[in-house]
Each structure stands twice: as structure tokens, then as C-alpha cells.
Amino acid sequence: MMPEVITIGESMVMFIASQGDSLEFVSDFTRHLAGAESNVAIGLARLGHKTGWISSIGNDPFGTYIRNTIGGEGVDTSAVTVSTVHSTGMLIKERNDGGDPQVYYYRGDSAAANFTSDMLQESYFDNGKIFHITGIFPVLGAKSKEALFAAIKIAKSRGLMISFDPNIRLKLWTGEEEKATLLEIAGMSDLILPGLHEAELLVGSTKWEKISKFFHGKGNKFVIMKNGADGAYYSIREDDGSITQGYEKGFKVGKVVDTVGAGDGFAVGVLSALRENLSLGQAVKRGNAIGSMAVMVRGDSDGYPTREKLDEYLRKQLSVY
């Protein structure tokens, strides 16, 4: 299968605490998959899009579990390499009903962090339409950073739209270099999807007009700023240079179970809609919908819908929207 939407990044095995105590007192955990880029690939595959995930995993049981799980969702994993030297990354997440859980990473010197540009298969991009990336992979280390920039170059040479979710993980930052890296990637992207606080870190402002102007000035055609449960702002630079802006309010959620994965679900909605030639406003509305579905389920990608479930959810929600 030649994918139309390609992602690259680290996926890890995730253990979620079964009790809401501090991890020092927890004895039971459930196993899940974690990884922003593979989350997006899985979500798009569930909606019927051909997706591919590029990465490296360890030659260990967790790596096998990750590849089999992602592949089992219909995502192509033929561009994933297996390291006999480095292990698969892991994270442990506390249980926090109704809020952002504390997360502990064990990913130093992982197989994905040691992914190098010579592992890329240039022909893998030949039939691609969108290359979706995040700000996580380039800050894992020097090797993955170089590989990501090489992959962007390949994708741009083949005319793929570059979609960039900064997805800032401050625990991986060591200084201002990471910020400069993300701004450089932003300047190479066609679509950028920061959250409100990510935009503030990168631009130095929470004012939408300033954020929109900044990223359009960087060269982005589409700028979308997520504002959590309140919805999202969007802006498009038309071919004549004019700017069209809008806002889509969020969907009401009865109970928030786990907020992790909501941003990736939002990206699934936006990218799937754009691939189906919907307007940017309609894409943002779908992003809000899938993001709201994601927070009602524990696990990063567990709440992402099939096409049928998405259509049913939208019918119910839009009747009171």
C-alpha cells in the first residue's frame, strides 16, 4: 500500500495506572499504545484513509506489540525499522479522572531517538499527499532531528502538504534551541496546528490576530489555533494574498475522562476533511468533534471513531450545536 498521509515519530508502550493514587502506591496497570504521530495515522485509517507510519522500534516484545497494533489498525508499517541495539520507549501515566494526568517517560536513547536519515525510503513518499509531523520527534535528539528535516525535504520535493502540530513536550526541552527548531519547522510547513499555550510559547502572545499574522508571515497557508473545549480559530491565506478567518466553537462533553490524545484527534478531523475537499471551517468543526470524542475515553487513540460512528456523533451533536 502506498500511503496518502504519511507520519514519522516515536510510538511507545504506555502503562496507565488502574487506581487514582500516586504511582508509588499503584500495583495494577493497563497497557496501551502512545505516540502522537501514530495516533493521527490510526485515526485517519479508521476513517478510510491510506496512512503510513515511519519510525524505529526495538527488537523487543514492546516493539512487536506497537508495530502489530498500529498495523492492525490498517496503517502501513513497511517503513518502520527494527533496532537490535536500542530499546522501544515506554511511558507510565497516572490516573487522574477529570484532569491532565502526570506522565513519566522512559525513552532516553530509544530506538526512535536513534532513527537516522539514511533509514528513510524516498520512494515511500512518491504517492503521498500530506506529511504530518509534530514537534516531538525533532527534540528527541540530534539524529531524529536531522532525520525529520531530511524527511521534510523529501516530502516537499514531491509536492506533499506539510502539516505541523508543535505538540510541545517541555520535559524534552533543554533550552531555547528546541524553540528555534520548532519555528524553523513552522517556516517549512503549509498547515500549523498549535494549541493556545503552544502558540504563546512560540509567538509570545495569546492574541489570535498576532498569532495568525505571525505564522502566515512564516509562509503557512493554513493556521489553526486550538483553544481546548472552547473550540478553535482558523485562518487561510488565499491565492490572491487575502486572509480569511473564522472560529468554530467546541462540542459539549458530559464527562472528561482523559485529555491526552485530544489534539491528535483534532488533527485527524482536520486532515481527513481537507483530503475530502471540505472547507477549512468544516475541517475545524470535524476536528473539534473528534477531539471531544477522544476525551471521553481513556487511552490516547481509543476514542477515535470509524466513519459510521463519526457521522452518527455529528448528527446527534449538530442537532443541538
Original post:
Taking springs between alpha-carbon atoms closer than 10 angstrom, which of ASP239, ASP76, ASP109 fluctuates most in the Gaussian network model of the chain?
Top reply: ASP239
**OP:** With both partners inside the stretch 5-318, how many of the DSSP beta bridges are antiparallel, as a percent to the nearest 5?
**Re:** 45 percent
**OP:** Take the chain, connect every pair of alpha-carbon atoms lying under 10 Å apart with a spring to form a Gaussian network, then pick out the residue of GLU308, GLU178, GLU37 with the largest mean-square fluctuation.
**Re:** GLU308
Original post:
Sorted from largest down, what three extents in whole angstroms do the Cα atoms of the chain have along their principal axes?
Top reply: 52, 45, 40
Original post:
With respect to the cross-link table entries LYS153/LYS226; LYS50/LYS255; LYS143/LYS179, which display a Cα-Cα separation exceeding 25 Å?
Top reply: LYS153/LYS226; LYS50/LYS255
Original post:
For the peptides 287-293, 148-154, 161-167, what is the packing order when you average, over each peptide's residues, the other Cβ atoms within 10 Å and list the highest mean first?
Top reply: 287-293, 161-167, 148-154
Original post:
When the Karplus curve 6.51 cos²θ - 1.76 cosθ + 1.60 is applied with θ = phi - 60°, which whole-Hz ³J(HN,Hα) does each residue of the stretch 13-24 get, with x for Gly and Pro?
Top reply: 7, 10, 10, 9, 4, 7, 10, x, 9, 4, 4, 5
Original post:
What percent does the relative contact order of the stretch 261-321 come to when contacts are Cα pairs within less than 8 Å and at least six residues apart?
Top reply: 33 percent
Original post:
What ³J(HN,Hα) values, in whole Hz, does the Karplus curve 6.51 cos²θ - 1.76 cosθ + 1.60 give for the stretch 223-232 when θ = phi - 60°, with x put for Gly and Pro?
Top reply: 10, 10, 10, 6, 10, x, 5, 6, x, 7
Original post:
What percent does the relative contact order of the chain come to when contacts are Cα pairs within less than 8 Å and at least six residues apart?
Top reply: 15 percent
Original post:
Taking Cα centroids, how far is the stretch 251-321 from the stretch 130-160 in Å?
Top reply: 26 Å
Original post:
So which trypsin sites (Lys or Arg not before Pro) in the stretch 67-114 pass both tests, a DSSP loop state and at most 10 other Cβ atoms within 10 Å of the Cβ?
Top reply: none
**OP:** May I ask you to evaluate 6.51 cos²θ - 1.76 cosθ + 1.60, the Karplus curve with θ = phi - 60°, for each residue of the stretch 137-143 and list the ³J(HN,Hα) values in order in whole Hz, giving x for glycine and proline?
**Re:** 4, x, 9, 5, x, 5, 5
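Here, each number is a calculation from the coordinates, and none is a lab measurement. Note that the structure is a prediction, hence the values are computed from the model and not measured. Every residue, glycine among them, receives a Cβ derived from its backbone with ideal geometry; neighbour counts consider all protein chains shown.
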